[in-house]
Structure formats: C-alpha cells, structure tokens
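The values are calculated or read from the model by the stated rules, or taken from the named source; none is laboratory data. In this text, all values refer to a predicted model and were calculated from it rather than measured experimentally. Every residue, glycine among them, receives a Cβ derived from its backbone with ideal geometry; neighbour counts consider all protein chains shown.
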Amino acid sequence: MATSRIRLPLLDWPMLAVSVALLVIGLATVYSATTVPGAHQGLWIKQFGWMVLAVGAAWVATTFHYRAHDPLAYPLYGISLVLLVAVLVLGSSAFGARRWLDLGPIRFQPSEIAKIATVFVLARRFSDPRLDLHRFKHWFPALLVALVPFALVAREPDLGTSLAFPVILVVMYFWAGMPWQTLALALSPAVTLVLAFVLDPRHPGFWLLIGGGLAALLVVTRPGRLLLIAAVAMHLAVGLGTPVVKSKLHDYQLRRVETFLNPDQDPQGAGYQIIQSRIAIGSGGITGKGWLKGTQKALSFLPMRHTDFIFAVVGEERGLIGALTVVILYAVLILRGFRLAAVARNGFASLLACGLVTALFYQVMVNVLMTIGWAPVTGLPLPLLSYGGTALIVNCVQIGLLQNVALRRQEY
C-alpha cells in the first residue's frame, strides 16, 4: 500500500521560526514598555496592526518570483531617491531630524525603502556576467548607486541609517568577487576619514601619515593607472572635505560621539540615555525582574524604551538569559540568510540575499551595541522588536524576499 507524504515548501523553516519568535517577543516587549500610565499607552495595539500588515507584505514578497522584482529595481530606486529628496523639503521633523513623510494618515521613512531598492540595483549590476570588478569603470558606478542615498539620508540628518548603504555596498562587492587588493584600496579612504576626525588635516604630519600609508598600500595592490588616480583623488577629497563636514555637524551629533567616548561627562544630558540603558540591563541580573516588572521602565527613567532602547527592556525584564536568547535568535536569522546566499545557484538571487541580510545584520549590530554603550546613539530601531510601522514592514519584506530565494534556491 503506497503511503502519501506531505511535502512542505522549500522555505527556510529555521529562519521563519526565529522571525516569528522575534515578532512575538517584540509585541510582548512593546506592550510592557508602554504600560506606564500616561506614556504611550495602547501603542501595542497599533504595533499588532502593523504586524498583521507586515506579515501580509512578507507573504507577498515570498510569493512572486524574485525575477519579477528585477525589472522594478531601477524604477523603485528612482522613486526612493525622489522620496528622500521630498523628505528634505516636505518631511516632518522630530528630535532634530527630518526623516518622515506624511501622506494623510500614513507616516513612513523613505530611507527604509531606499535600502531595499539599493540592494536590488546592486544585485542586478553585480550579477551581470560581463562584470569585471578588477576594472575601475565596472565597480565605480556601483559606488555612486550607494553614495547617492547615503548622502541624502545623512543630510536629514540620520547618520546611523545612512551608514547602512556603504556597509551593504562593501559586503556585496566582496560577495560579487572583487579582489581583496581592489577592495582594500576602495576602503582606504574610510581610514583617512577616521583620522581626519581625530587629527588635524591642516597639520603637515597628517598628510605625511596618509601619504605613507597610501604609498605602502599602492605597493602591495599595484593598481592600474585609472584606479591609482581615483584612489589618490578620493583620499584628497576626504582629507580636505572632512573638516568642512565636521564643522557643519549638528551639536547633538557631536555630543553623541563625545558621549559615546565618555557618557559620564554629561549624565543628565547627552549621556543620560546610555547610562539609564546600562542601569536597566545590569539590574536585570541573570533571570530578570519579570515581565511588566521593570523598574527603570516603570519609573520612566529609560527613554525611547519602546523603540531605540527596547533591548534594554528585554535585558531588565528577562535578564542575561533573555537578552542572550534574543541575540541567539538574531544570530540564527543572520547565519541562515548568509547560508541562503551561499547555496543559491542564481547569481542575482545570491547577491540579493547577501545584501538583504547585511542590511539586517548592520541594524541589529548597531542597535545592540548602542544599547550597551559600545556604539554612539544613532536612533536605529531593533528589527522585528522595536515599535514602528515602516521599519517593521520593511524588515518583514526583507524576510519574505529571503524566503523567496529559499523557495527557488535550486534554480539557475
């Protein structure tokens, strides 16, 4: 007698399981974080509504073949740039930044849409079989693709989100097969950028240091003439332009960097958020104070507890065990995403998965490190946990697109 077996779709079930777990933990934590009388009460109901929409969006992203999205890559990218420009002109402001667009009852952040659009465009470019990443003219256009939204988002200003674009670009460069010598040369201006913030570019010693390092790198990498000229030009532009950019930074941005280096210098001002976050996490101990029993949260000491600092609520109420559980769930999600990128037979699908999971990894890493005081406060929400409609829907769409690749990972 023949037995029939139920064949499940080729979804990445571990990824799906941890994503659902994070959504449930997020809703429970938003509920706990907004139970303080007079402070955001009832937001968990809105979050539940956003979650339903986000799951629906993830299902749509999973259903349609990823190649159906391919022709929409450049139009979506163009629309996202128009929306980013519109934010600078018509966007609503909050906390010193202009990041949202209001369309009637809908309020959203175009920067979240721009990340997915940029990943699609880069995946399309890098999957071209004629691409030769040894050559400057082949990898430089991709740099422009990432730098345009980076500049627009940084202008809002939203430095935390803007840095996601170069991070995505670098990882996708590597995944597409760029030689490490070329990649090292392309990344070297970032070192000049950091040194220009720390040292004085007007001092001759700065340029001696930069020139010596660049000369050593050029000896190792031996680039072509065009790449050599481009590298020198980028270092000069970064070295000369950084003081100008630094002088135009908002006061709160400079305070965030200073607070990151020494939060105790202004415990009632710029350092308040980090200090209270550390207190909340530390007070949770091993097992936590229990759900709804966090005192830092209940007494309203912990700011932005339902959005940027939601991980601190997890640490206070669930303790080290709960915080590690959340970190492990994210680790599984990220590792499964990179595994999909590795096993996908189609080049576009592999690059798409790589870019999407890199965007998720960057956001998780920055938010968690910010919460424990190991990174400056940036205002990045924690994916799938923090309150917010745009970010939640975009994160779920990212998961849906990864599942789309999983369903068709055997296709060429």
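Looking only at region 86-104, residues that are at pLDDT below 85 and under 24 Å from residue 398 (Cα atoms) come to 5 in all.
Out of curiosity, is residue 314 of a type outside the set (Gly, Ala, Ser), in contact with a Phe, Trp or Tyr (Cβ under 8 Å, 6 or more places away or on another chain) and within 30 Å of residue 278 (Cα to Cα)? Answer is no for this residue. Considering 102, 132, 158, the condition of being surrounded by 15 or more Cβ atoms within 10 Å (Cβ to Cβ) and of a type in the set (D, E, K, R) is satisfied by 158 alone. Within the set 332, 313, the sole residue that is surrounded by fewer than 22 Cβ atoms within 10 Å (Cβ to Cβ), touching a residue at least 12 places away in the same chain (Cβ under 8 Å) and not in a loop (DSSP other than H, G, I, E, B) turns out to be 332. Any chance you could count how many residues in region 371-412 are in a helix (DSSP H, G or I) and within 16 Å of residue 62 (Cβ to Cβ)? Qualifying residue count for the region: 15.
Looking across region 382-412, just one residue is over 19 Å from residue 112 (Cα atoms), surrounded by fewer than 24 Cβ atoms within 10 Å (Cβ to Cβ) and of a type in the set (A, V, I, L, M, F, W, C), and that is 407.
Filtering 164, 114 for residues that are buried (at least 23 other Cβ atoms within 10 Å of the Cβ) and touching a Lys or Arg at 6+ places or on another chain (Cβ under 7 Å) leaves a single hit, 164. Summed over region 199-216, the residues that are of a type outside the set (Lys, Arg) and exposed (fewer than 12 other Cβ atoms within 10 Å of the Cβ) give a count of 8.
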